[in-house]
Every structure is written in C-alpha cells, then in structure tokens.
Amino acid sequence: MTRDHGIVLLLVMALLAAGCGNGSSAKDGADSGSTDTDADTDADTDTDADTDTDTDTDTDSDTDSDSDAGADAGADAGPWNGCVEGSFSPYFGNFHAHTADSDGEGSPADAFTMARDVAGLDMMAVTDHLEQLYNLLGMPAADYPECMATAEEMTADGEFLALCGYEYGSGFGLVGSTGHNVVLFNDYLFPMVQLDFHDFYQSVIESPSCVTEFSHPGDEAGMTWSNFEYDAAVDEKMNLFDFKGNGDTWSLYFQALDAGWHVSPMHDQDNHSANWGTADDTRSAFYMGALTIAALYDAMQDRRSFMTHDKDAAIRLMADATCWMGSVLSGFASLAVDAEATDAEAGDGYATMELYGPGQTLIASVDCGGGESCAIGDTIDVAGPTYVVARATQTDGDVLVSAPVWVAP
Ligand SMILES: [Zn+2]
Ligand SMILES: [Zn+2]
C-alpha cells in the first residue's frame, strides 16, 4: 500500500530534478531546465501512441455523442458522454501493481503471466512508482518503455490485456502526502518529482490520453488530495476511484462524488509481492464490448466499472432502461434506475442491495434473501444535479459497488 522509499535516494533524485534545494524550486525546475529534455524525448514517443489512441477513441466517442446529442444539449462542455447504450460484458482485472522496477518483486512479464495463468484475470496493469522509473541522472530509465513492449507482446485480443502505467505519489515524506494516483494510457512519464498534487493535476491536464485514478484514498492521514479538491479539467481524465485502502473508502467515495468528481469504482490490489491477482479475490471490473485495449479505453473513458470483493460477481446499474452506469444525463425531471447483481459461482448469495445518492444518503434497499442474484429499482426526482450508486452485499460479507449514473434536470 505504501512504499518503502529510501529518503536519501529521493532527496538525491529531487536535487537532480530541481537543480537546487527546496520544494518550491523543485516545482519550478520541473517546468523548465533539465526536465525539458524529457519533454522533448516524450514528444517524440507521443506522436505514435497518440495517433493510435486518438483514432480508436474518437470513433467511439463520436458514436456516443451523436446518439446523445439531443438529450445532452444542456450538458456541460467536455467529454460528458450522455446516455451510453450498448451490449457490454464484464471483464475482471487488477490495475495497480508493482514489480522490481520499483519496490515490488519480479518483472512485468512475471506479473502479467501470473495474473493471466494463475489468477485468471482478463486484464492486468503494472504500475510501478513514477519516480523509480527514472535513473539516477533524472532521466527516464528503460523500464517503462520495456514494460510497454512486454505488455504489447503479451496482449492477445479476446484472451488477455496487459498494460503499463505508473503510480504518482505526492510528498514523499518530505512534506505530507496528499495522495497517490495510478496513471494509465500515457506512454511518457510525468515529471519525476511533483511534491504537490496541483502539479500532478497540471500533468494530467496536459496529457493527451491518460486515464487516472484516486488510488488507495485515505490510506495515510491527509491522503485525500485536500478533501478531493475539484478541478473540472482534471475531472475529464480522473475517471476511477480505488476502494482498496485502510481508510473508510466507502465514505471517501461520496466525499469525492459530492466534490463533483465523475469517478467510478475500482478495487485494485497494489501488489508489492509476487501475488499479482492472487493476493485476494478483489477485482476491478469493466463492462466492455470486447476484450481489447480499445474497448478497455472506451470503458474507462465512460466510467463503466465496478468494484468487487468476489472474483466472479458482477453488479450493473442502468438508467432510463438503456443508459449504462457511467452515463452523465441531463434533461430529466425524474429518472428510473434499475440495478442487478449476479454471481457466476453457485452458492454465493446476496444479502442486501441498496441505492445511494449524494451525501451517502440511502435511497432504497431490498432484502435479497440469500438469492444468487438480486435486483433493485426506483424512480428518483431530479430537482438538481444528482447521482445514484448501487451497492450489493453478499451473505459472506463481500461487497460490490457500481459506477454511478449522473443526472441533471
Ligand atoms: Zn501508493
Ligand atoms: Zn502502489
């Protein structure tokens, strides 16, 4: 969960990155001087990957926007997707894990192999610590491009998806940590040292393609990005919220949603040992049209995820009959929502299912009586911007949380 940073190493790295002493200089340094070299290198790498990613995604988003144009005329500017319709199936993964490239064990290939062959995951991301993907001269090391090459080799559409990202961390013990964020779908490294999460927010805004996550929120005191300080431009790419952590992530989730973030649930494992996907049965799942990188990117963009403590269970929330969870709707005076939970493994039953709204307010609940599937529905008044989240609890205590549906009048 938290890493073992060698403070000495980090100080050396911070000094190298900054060219001089204190924290604020380090930030200035990241904007100019030595880091420019990285930016130039990055720009070259970008060109290829951006072309790929953008091409895939544009096609998908255009389709979405076209079908929603009418209903969403009043929606905020930005990538808010309107009613996302389609036929999607759940795929299960783990999107936060370390290897010996930072403070874990083994190689990215080891991690992907175990996740695929032992844990039976559909998708796996290796996300080593950002600052440890730089060498001692403050230049990007070979690790990240090597990881991406391995991931590309090991990805087989319809069978297994391998990805590489990295984990941003603020503070490093030099100042208080305000949070960690896994960054996916970014083929260059953000600046090595960004003590303040506002600098990280800026990197997110400047990234043409990334998807990022609030990772293990509340894990350490104050690890809440200053009470989930909202930034509309960052919100477009901060799509995911990790439920792993020592804190009360269920309450923290509503704190993030109530601050305005459009984030959907994950439960990543943050492996620091050779137990990628096998550490426990928790999973981050996405509803996807196919098991491909493009479909995963699409599902992340549209926040079509759920978290589950049970590796076979699934939860789904739909609005207005056909709009998938993750949809951002407008133009409704009231909205019908329906949620359903299932478990592929016979014998795992459900105890309760609930719908929640802003302020962690319970809207409706049902007793599932131990059934292997459970459903709940309600019609909510839309007096102002609001959202609904579904939660299911199994008889063994395992919990699943759906992505929200957001709706405005
Ligand atoms: Zn972390
Ligand atoms: Zn981590």
What shape does segment 74-197 have by the C-alpha gyration tensor, where a ≥ b ≥ c are the square roots of the eigenvalues, rounded means a/c under 1.5, and otherwise prolate means a/b greater than b/c and oblate the rest? oblate
Arrange 216, 198, 96, 180 by Cβ neighbour counts within 10 Å, fewest through most, would you? 198, 216, 96, 180
With the cut-off at 1.5 for a/c, could you classify segment 77-122 from its C-alpha gyration tensor as rounded, prolate or oblate? oblate
Report Rg (one decimal) and Dmax (nearest whole number) for segment 282-399, counting Cα atoms only, units Å. 14.6, 42
Relative to the Cα centre, what is the charge dipole magnitude of segment 347-405, using +1 at the beta carbon of each Lys and Arg, -1 at the beta carbon of each Asp and Glu, and rounding to the nearest 20 debye? 220 debye
Measuring from centroid to centroid over Cα atoms, what is the spacing of segment 382-402 and segment 272-345 in Å? 12 Å
Value in Å of the Kirkwood radius, where segment 212-294 supplies the Cα pairs that are averaged: 13.8 Å
Which value in nm describes the separation of the simple spin-label points at residue 248 and residue 395, placed 7 Å from the Cα toward the beta carbon? 3.0 nm
For the residues 305, 334, what sequence is obtained by ranking on other C-beta atoms within 10 Å, fewest first? 334, 305
Name the long-range amide H neighbours of residue 223: under 5 Å, sequence gap of 5 or more, or other chain; modelled H, no Pro or chain starts. 218
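Taken together, the values in this text are just the output of simple stated rules run on the coordinates, not laboratory data. None of these values were measured; they are calculated from a predicted model. Reconstructed Cβ throughout: ideal geometry from the backbone, glycine too, with neighbour counts over all protein chains shown.
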